[in-house]
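This report refers to the structure that appears directly beneath it.
Values quoted throughout were computed directly from the atomic coordinates according to the rules given, and no laboratory measurement underlies them. Here the structure is a predicted model, which means the values were calculated and not measured. Cβ coordinates were reconstructed from backbone atoms using ideal geometry, including for glycine residues, and neighbour counts include every protein chain displayed.
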Amino acid sequence: MLKYCVKNEAKTKLKSKNRHGRGFALEDELMKYRIACEACGIALWDMEIVAEDPLNPANYFTWSREFRRMLGYTDENDFPNILESWSEKLHPEDKEKTFEAVFSHLDDYTGRTPYNVEFRLMLKNGQYRYFNAFSNTLRDSKGKPLRMIGAMRDIDDIKRMTDIIRRRDNLLQASNRAADVLLNADVDSFDSALRQAMRVIGRAVKADRMFIWKNQSIDGEVYSTKEYEWCENKELPVSDMYIINYNKTLPEIAEILKSGKCVNALVKDMPENARDILTPQKVLSVMMVPIFVKEEHWGFITLDNCGEPRMFSKEEEDIVKSGGLFFANALLRNEMMLMKDDSLKAFKNILNSMDAGIYATIPETGELLFVNTYLEKAFNIKAEEVEGKYCYKVFRNNRERKCGFCPCYELDKNPEKTLIWEEYLPDIRGGRHVRHSDRYIDWPDGRKVHMQNVVDITEIVNSKESAEYQQKSLQTILEMLPVGIRIMRLSDGALVYANQASLDVFDCDSFEEQVRGHNGFEFMPETQPDGRKTVELVGELMAKDDACVEMQCLKRGGKPFTARITSRNMDYQGSLCSIAVVEDVTAQKVYRDKIENIASLEREASRAKSDFLANMSHEMRTPLNTIAGMTEIGIRETDINGKDYVLNKISSASSYLIGMINDILDMAKIEADMLEITPVSYNFEKMLENILTVTHISSEEKNQTLTVNTDKKIPKFVVGDDQRLSQIIINLLSNASKFTQKGGNITLTVSLKSESGRNCALQIEVEDDGIGISPENQRKLFKSFEQGEKTTSRKYGGTGLGLAISKRIVEMMGGRIWVESEPGKGAKFTFTTNVTRDTAFTDRDGGNGGEKTGNQTSSDGIFRGKRLLLGEDIEINREILIMLLQNTGITIECAGTGKEVLDMVGASPDKYDIVFMDLQMPEMSGLEATRRIRELPELKNKKRLPIVAMTANVFKNDIEACLEAGMDDHLGKPIDIEKIIYMLRKYLLPEE
């Protein structure tokens, strides 16, 4: 092998090179990155910081083509590489925060302040759009900024969608507020509440006036009477209409409303009779929304716009419909409340005459509806001052929230129950014992309310023995608690008390039969899940005065569950006992464990991707460094052998980099579920020969022996995706060579496992005697972004994506892939796949099998006399294609925009034999140019002009868009000369 040495002086000069001095190959690679970013809709920008002030003109700015395209510019002269190109187009309101973000980011020498800001930029057409800019900064060892590299993306559509959602949410909130106001209104406050609700709805839809009309029958005719009116602008004329027969006055509108539809129109477009009524009221546009109650046309709501003529939106229409039903129901409810008012007064008189304290509350909130005269005297309060306030504030020393022992909690479980309990009230007449009777009753207005009857039992309590009474009171309190309470005697572990909530926790039905006297350890397993003995754990808890622990306990049937036990040691009935609060937290523990497991998986996935990005940074910089360095050497080298050596190195590094990019793109397709299998007919033996041509070089360099065993029963011609199958085999052979020492052995075995009709099941094995793989690392092999060892990428290189991609392709081909290996004993990767025998191809081509002869594959001068029109706006791409096709004899003319292509074809319809068209070009895209060409009348009666897309947009939807626009075929970038020659043969030499 030819070796080429570089002097130390040359190596030193390779370390720094101005961007305009880079070589042809590097520019080509950078072009690919720009195209990739543009395909993702991301614009790039770059600022080399020469002066410390970022606004200094001495700093060098670079805007990417996508950056200009986002703003509507196509020419660098219209949008030069200077700061003013961007800063002058900032919205005046956004300049201060945007520059502040730049200064904060650059001035923070620690690098912890990010640059990520949203702003509006003016497009070339004068419109503003929202963008999001973000960047990172290269700094020296002291943190001083050297170069700021960033990206920008268009977020205008997201912003607009957010505004729409916010608008809908505001309308919904307005409807909820209006409903809340109406629901909480009583008879006395109803009028003001209804007008307040109308104001909420009217302002939400930006109306100037709002009316509620109710239908009623008078002498057999249906009239609409104006019930309520709200007006935002007091300067507008007051409506003098209070009753109107819509069936006679506005029959067209009446029919629309009766059908359940809304009237939403500009007054100038309405019938003349409607204009005569609305115009004097200064109404410019109106919305009328019908209201139906129990399928009957109850009335309608009218909203006027007097300031500007505009149509109400569908969302506003829906909100008013919903609000209309609230208003109708509220009016009906108010009428019923007025009728019930008299019966309510009579009911209150009865309660006031009783010799016991009585009050009524709303169960959900505790708001007082009524307090009788007995309680007024007992608590020295006035009913009119406390009704409407909360019972716990009035009767419980101004408490801030609902009482924990509120009887409503128990009554909610059994609404038909009457709850009786006793307590001592120290603030009433020197201290009084009272008995409460609580139940739910129907209030005269139809509501379910909580009523409490309070009876003074001080004399009765004083006649009882103090200890007995206290015991009963304590038990009553414990029974009312919603948490499980257990009392266990410490001397023998016997359970002496358990409330109902505790019985529920342990699935017990009776305290007397199933709990009393039983040892507490009967409800616990011998050992805990961690192996610790339960008796030891409980012993430690009993030794503490206060303790809280989670441990496993048993239900009555033996079912385990996780309990949280909070205990305290204290005297009970003359014995030292442990009083414990017991809660079943099994569901909480399962949920916590699930959350922790998800978090662990997310951390692992994040770590894998972080490692992958770190590896990619190293892997991509290595070939780029080779390309840049060898390009510099090649420029200076005069010896032809030296140039060949340099070019070979550049070619090898470029191929490695392209392979790595292809892996990343394939993985992106897999994650987007866009990877596809394309079956074609191909020569299976020829495919294997091509694979060995690609892979034998690495084996020869390491003096490895590569053995190939092919089953003779495999058909010569099959149908399948040969490119994807080759990709898998090449990846497995490359890995085998990479992880096998010099002089090692690699074996490729292809066998036919079964055949049914034309369907063939193949098994392909790649075996080596290399370093081998541990069982732990085997589990990671087929995962995205992971390699067996963290040091693998540093020692052997690679992206860690090849096997994950191979696994996905194998599965799409109906097969599976697995590995057998031991550390130090090599590895064997095996996969299965399905192909179809192509009998028609074999019969058609006889013994030759369709293989091309030498003169068919030769391209020297084969297209002489033919003319190609190339639509490509990037000059370097045009130069590459011209140089690659210069020996074919074809004449190439170039156009830099889609419009130029259209004009050149239109001017000379017979001049060109084929068109290669880029998709993204200035002035007019390749897709639009193709559509216009297909519409040219000059080409209607002529032979179809072949148009082939030549673009970096290679996904399925991109190809479909090309065909829909009228293109005949598709070529992906980077340019593959063999595919280009094939495409030219296909359309220029169809007889072959």
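General observations
- Using the alpha carbons alone, the radius of gyration of the range 865-984 stands to its Kirkwood radius in an Rg to Rh ratio of 0.93.
- Extension gain, S726 back to E938 (0.36 nm per residue minus Cα-Cα distance, nm): 71.8 nm
- Modelled this way, with points 7 Å down the Cα-to-C-beta line, the labels at K825 and D219 are 11.0 nm from one another.
- Approximate spin-label separation R396-I975, in nm, with each point projected 7 Å along Cα-to-Cβ: 8.4
- Shape of the range 370-463, Cα gyration tensor, a/c cut at 1.5: oblate
- Taking only alpha carbon atoms, the range 485-612 gives an Rg to Rh ratio of 1.13, where Rh is the Kirkwood radius.
- Potential lengthening between K144 and S575 on full extension [0.36 nm per residue; Cα-Cα distance subtracted]: 147.7 nm
- Exceedance of the 18 Å cut-off in Cα-Cα distance is limited, within the set K261/K321; K89/K144; K282/K321; K943/K973, to K89/K144; K282/K321; K943/K973.
- Integer Hz, Karplus 6.51/-1.76/1.60 couplings in order for the range 174-185, x for Gly and Pro: 4, 4, 5, 5, 4, 4, 5, 4, 5, 5, 8, 7
- Efficiency of FRET between V585 and L183 - r from beta-carbon atoms, R0 45 angstrom, step 0.05: 0.75
- Counted residue by residue at 0.36 nm each, then reduced by the alpha carbon distance between them, the extension gain from N273 to T74 reaches 66.0 nm.
- Proportion of all alpha-carbon pairs of the range 559-606 beyond 15 Å (%): 65
- In straight-distance terms, cross-link reach from K555 covers every one of the aspartates and glutamates whose alpha-carbon lies under 16 Å from its own, apart from those fewer than eight places away in the same chain; here that gives D504, D507, D509, E513, E522, E526, E583, D584.
- The range 706-786 shape via C-alpha gyration tensor axes, a/c threshold 1.5: prolate
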